[in-house]
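Heads up, the thing below is written out as C-alpha cells.
The values are calculated or read from the model by the stated rules, or taken from the named source; none is laboratory data. These figures come from a predicted structure and were not determined experimentally. Using ideal geometry, Cβ is built from the backbone for each residue, glycine included, and neighbour counts are taken over all protein chains shown. The area values use the complete protein model at the heavy-atom level, side chains included, leaving out ligands, DNA and RNA. Shrake-Rupley method; radii C 1.70, N 1.55, O 1.52, S 1.80 Å.
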Amino acid sequence: MAITEAKKMTTLQVKRFKPSENPTNTFLTDEKGVWAWMTTVDHKKIGIMYLVAVAFFFALAGFLAIALRTELWTPAKTFIEADTYNQLFTLHGAMMVFFVLVPSIPAALGNFILPMQLGAKDVAFPRLNLASLYIYVAGAIFTFAALASGGFDTGWTFYTPYSSDGNGAGVIWVTLGVFILGFSSILTGTNFITTIHKLRAPGITWDRLPLNIWALYATSIIQVLATPVLAITILLLSFENIMDIGIFDPALGGDPVLFQHFFWFYSHPAVYIMIVPGFGIISEVISTFSKKTVFGYWAIALSSLAIAFIGFLVWGHHMFTSGQSAVATTVFSFLTFLVGIPTGIKIFNWIATLYRGSIDMKTPMLYVFIFLFLFSIGGFTGIMLGALSVDIHLHDTYYVVAHFHYVMMGGTLIALLAGLHYWWPKMTGKMYNEKLAQISAVLIFIGFNMTFLPQFIMGAQGMPRRYYNYIDQFTPFHQTSTIGSYILGVAFLIILYYLVKSLFSGEKAPSNPWNSRGLEWQSTSPPDFHNFDHTPVVINGPYDYHKPMEEFQLGLAVSHEGHDAEHAPAEVDTTEEKA
Amino acid sequence: MANHSASHPAHVQHHFVDSDQQFDSAKLGMWVFLVNEILFFGGLFCAYIIFRAWYPELFTQAALQLDKVWGGVNTIVLIGSSLTVAMAIRSAQRNEIKGLRINLMITILLACVFLVIKYFEYEHKLHLGIAPGFFWNPAPEVTATLDHPQANIFFSIYYMMTGIHGLHVLVGIGLMIWLYIRAGKGHFSAEYYTPVEITGLYWHLVDLIWIFLFPLLYLIE
Ligand code: HEM
Ligand SMILES: [Cu+2]
C-alpha cells in the first residue's frame, strides 16, 4: 500500500500567484456584445444569464404571490374571480418550483462557482451547458404559450384527473414545458458530476473538496436519478391529454394514484434538489465569516449524500390520504423521520462551527442566521407532517403551505441570497451597499415570519389550502399574512435596487473581500476568462483558516500535466513570486 | 496565458489538460446520461408492471396481436448491430479508418432494417384499428380474439414504449451518420475516437432496452 502510494506521488513545482487587485483582463472584458454572450460557452457568463433568468421568473412569480395575498385580504371576493385565482396560484407555484428554485442555486451560482472551486477552466461539457440554458428558455416559451392558450389551474402538482379531463390546451403546453425544462436540469447535473470527477486541479483530493462541491455533487445525483422519471410522467400525462391513452385518467381505466406516485417519486427528491445546494452555500459562508474550519467536515459532506439517498424513499408521505395501503403509509412515515437525521447533523455541525469563531455579521452571515432559524422551523414541521395521525388532520391545509414555504423560501431562497451576497463581489467585481443589504435582510426576516407564521395557526385550525374564500374567523390571520407579503415585496425591491446600483456605482471589490481561504477567492474579481491565469495547486483543506493565506495562492510553476487530482503534490516549493 | 499549454493537440478542447482527461470525461458523462435513460424507461416499465398487475388477462390476450416472428427478427438485427458497433470501435482503436467506416455503415443499415420492420408492424396494426388512445377502433377480427374493455391501455403502453425506443434508434442512426462523415474527413484515429466510443455506449443501451421490451411485450402468454 505504502509503496503504491509512493509511486503515485508526483512532484510539482509550484510558486505563489497573488491575484491582482486591478485586473485589466477579465471574463467581462474578454468577449463583449450581445451575440458573444448568447453564444458563449463560458460557465461564468452562462451562470450570470441563468441568474438573470431566474431573477426574472422570481419577480414574475413573486408579483403573482402579491396578487394572491391581496385577493385573500377579505373572506369573499376582493378583486379577482375564483377561476383566475386558481390559475394564478398554479402559475405561481409552477414557476417558483420549476423555473426558480430548481435551477437557482446549481445553474446560476453553481455554474459560476463550481469550476472555480475545482480550479478548472470550465465545466466538462461547456456546450451542453449553453444548451441547458436554451432548453430552459424553450421551456419558458412553452409555459407562456400555455398562458396564451387559456391557462391552467391544476396546481403545480398537475394531479390527474384535474389535469386530464378536458382542461384544454393550457395543460398540454405547460406540461410539455416542464418536460423540456427537465432536460436542462439533467444536463446541468450530468455536467457537474463529470466535472467534479474529472476536472479537479492538482491537489484537490476528495477530502479537500469544498462542502459546496459535495452539496452540488449530491444534488446532481438526485437530478440525474429523479428528473427522467418526471420527464416520462409528464410525457405520459401529455399523451393522456392529447390522445386519451388511459394510463392516468380513471374514466378510461387508468390509475390517478399512479400519477401521484410518479410525480412524488420525482418531486420529493426535487425538494432536495432545491435545498441541498443551499446547504452547500451555508457551509461556505459560515466558515468564512467565523474564520474557522468547518466542524465535522465529513459529517456535513456525507449527510448530503445520505439525504440524497433517503430522499428517494419517502415520496409516499405526500399520499397519506390518497388511498395508499396502510402498510405503505406506515413505512413511508417511518422513513420520513429518517430524513430528519442527516438534516439535523448538518445543523448541529454548523452551530458547532460558530462556537468560538470570530464571527463577522456581514450580510451573507446574517442570511445564514436567518436560514438556520427559518429552515429549522421548516424541518421540524416537516417531521410533524410526516407523523401519520397528525398529517391526516393537517394534509392539504395552510399548515403544509407554511411548512414548505419555511423550507423553500426560508431555506433555499435565503441560502441563495446568502450566496448571492457572498459571491457578488467575485461575480461582478463590485461591492454592494452593506447597510441597505442588512436593512433588507432584517425586513425579509420580519416580512417572512409575518407572512407564514399565521399560516401554521390557520392550518392547524383547519383552513384548507388553495381556497379562494374563507370563513370570517381566519380574517386576522390572512390579513397579517398579506401585510407580511407586502413587506417582503418591499425588501426584495430594495435588494434589486442596491444590487443594480452597485453594478454602476459600486465600490470596486478587492479580490478577496472576506479573507476567505476558498479557491474561488484566489482569483481576480471578476475572474479572468480562464478563471485563473495559472493552474492552481491545492495543498490545504478549503477551510484551513489557521494556515497563512500564501499557501492558498499556489499554482504550477511549469507547464505540466497536472490534471490528476489524486496525485497530491509531495514536494511543494513555495518561492515568493508575484505573478 | 500560463495555463494555456502549447502542446494541445487539435482535438483537445481548451479546458482539458490532455486527451486522456477529455476521453475520460466524455465517457463518464455518457455513462451518467445512460443512467438517465434507464430511469426514463424505468418509468414506462413501472407503468407496464402496474397495469399488468391490474389486468393480467388483458396482457396475455393482447400480446397475441403482436408478431413474434418479426419481433424476433428485429431482436437479432439489433444484437447484430451491437456487434458491428463494437467492431467499429475496435477498428478505430487500431487506426483502421476504412474498417471503422464499413462497420458504421453496416450498423446504420441494420438500424434501418429494424425501423423498416417496425414500420410494417405499426402499419399492420393501425390498419386493423389497433391504435393508441382515442384512435382505438379495432376491426372485427381483432375483437374476436381480444375482448377486453381496457384493451387500448395495453396498446397505449406498447406504442409509448416501442415509439420512444424507435425514436432512440432514429437518434442513433443520426449520430452514426455524423460519425461516418467525420470518419471520412479523417477526424478519427487511434489517438482520438471519443465520439465513436460514446455513441457505441449509447447504441448498446438502445439494444439492451429492446432486449427487455421484446419478451415483455411479445412473448407473454
Ligand atoms: C426534514 C425534512 C422534511 C420533512 C420531514 C418533510 C415532510 C413533508 C411532508 C410529510 C409533507 C406532506 C404534507 C401533506 O401534504 O400533508 C411535506 C410537504 C411539502 N414539503 Fe416537506 N419535508 C421536509 C423538507 C422539505 C424541504 C427541504 C422542502 C423544499 C425545499 C420541502 C418542500 C415541501 C413541499 C413543496 C411540500 C408540499 C407539496 C404539495 O403538496 O404541494 N420539504 N413535507
Ligand atoms: Cu416530500
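Numbers at a glance
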{"read-out": "Check on residue A:113, crowded, with 24+ Cβ neighbours inside 10 Å and touching a helix residue (DSSP H, G or I) at 6+ places or on another chain (Cβ under 6 Å)", "value": "yes"}
{"read-out": "Odd one out for residue B:128, checked against (1) within 16 Å of the chain's Cα centre (by Cα); (2) closer than 30 Å to residue A:238 by Cβ", "value": "(1)"}
{"read-out": "Any hit, the stretch B:19-26, residues being touching a Lys or Arg at 6+ places or on another chain (Cβ under 6 Å), within 14 Å of chain A (Cβ to nearest Cβ) and of a type in the set (Ser, Thr, Tyr)", "value": "yes"}
{"read-out": "Scan of the stretch A:443-467 for residues that are in contact (Cβ under 8 Å) with a residue 24 or more places away in the chain and open to solvent by 60 Å² or more (accessible area, probe 1.4 Å), ordered by number", "value": "A:445, A:446, A:453, A:466"}
{"read-out": "Qualifying residue in the stretch A:343-352 (condition: in a helix (DSSP H, G or I) and farther than 24 Å from residue A:305 by Cα)", "value": "no"}
{"read-out": "Per-region count, the stretch A:520-552, residues open to solvent by less than 30 Å² (accessible area, probe 1.4 Å) and within 14 Å of another protein chain (Cβ to nearest Cβ)", "value": "11"}
{"read-out": "Flag if residue B:188 is crowded, with 22+ Cβ neighbours inside 10 Å, out of contact with any Gly (no Cβ under 8 Å at 6 or more places or on another chain) and within 30 Å of residue B:57 (Cα to Cα)", "value": "no"}
{"read-out": "Test: residue in the stretch A:432-439 that is within 13 Å of ligand 1 (Cβ to nearest atom), over 25 Å from residue A:322 (Cβ atoms) and crowded, with 22+ Cβ neighbours inside 10 Å", "value": "no"}
{"read-out": "Search result, residues across the stretch A:274-302 that are more than 12 Å from ligand 2 (Cβ to nearest atom), of a type in the set (A, V, I, L, M, F, W, C) and in a helix (DSSP H, G or I)", "value": "A:276, A:279, A:281, A:282, A:285, A:286, A:298, A:299, A:300, A:301, A:302"}
{"read-out": "Unmet criterion (only one of (1) crowded, with 18+ Cβ neighbours inside 10 Å; (2) in a loop (DSSP other than H, G, I, E, B); (3) modelled with pLDDT under 95) for residue A:470", "value": "(3)"}
{"read-out": "Subset tally (residues that are within 16 Å of ligand 1 (Cβ to nearest atom), over 18 Å from the mean Cα position of the chain (by Cα) and of a type in the set (A, V, I, L, M, F, W, C)) for the stretch A:318-360", "value": "14"}
{"read-out": "Helices (runs of 4 or more DSSP H) lying entirely in the stretch A:22-86 (those with 3 or more residues that are in contact (Cβ under 8 Å) with a residue 12 or more places away in the chain and closer than 26 Å to residue A:96 by Cβ)", "value": "A:43-71"}
{"read-out": "In the stretch A:310-327, the residues that are more than 11 Å from ligand 2 (Cβ to nearest atom) and small (Gly, Ala, Ser)", "value": "A:322, A:323, A:325, A:326"}
{"read-out": "Number of the condition not met by residue A:286 [criteria: (1) more than 14 Å from ligand 1 (Cβ to nearest atom); (2) within 13 Å of chain B (Cβ to nearest Cβ)]", "value": "(2)"}
{"read-out": "Members of the stretch A:361-410 that are in a helix (DSSP H, G or I), over 21 Å from the mean Cα position of the chain (by Cα) and either within 16 Å of ligand 2 (Cβ to nearest atom) or surrounded by fewer than 17 Cβ atoms within 10 Å (Cβ to Cβ) (or both)", "value": "A:383, A:384, A:385, A:386, A:388, A:389, A:390, A:391, A:392, A:393, A:394, A:399"}
{"read-out": "Among (1) within 25 Å of the chain's Cα centre (by Cα); (2) outside any helix (DSSP H, G or I); (3) within 13 Å of chain B (Cβ to nearest Cβ) - the single one residue A:246 does not satisfy", "value": "(1)"}
{"read-out": "Answer from A:178, A:271, A:171 - the residue that is among the aliphatic types (A, V, I, L, M), under 24 Å from residue A:303 (Cα atoms) and either within 16 Å of ligand 1 (Cβ to nearest atom) or in a helix (DSSP H, G or I) (or both)", "value": "A:271"}
{"read-out": "The stretch A:195-226, residues that are within 18 Å of residue A:177 (Cα to Cα) and either part of a loop (DSSP other than H, G, I, E, B) or within 15 Å of the chain's Cα centre (by Cα) (or both)", "value": "A:223"}
{"read-out": "Total residues in the stretch B:24-77, condition farther than 20 Å from residue A:228 by Cα, within 15 Å of the chain's Cα centre (by Cα) and open to solvent by 10 Å² or more (accessible area, probe 1.4 Å)", "value": "3"}
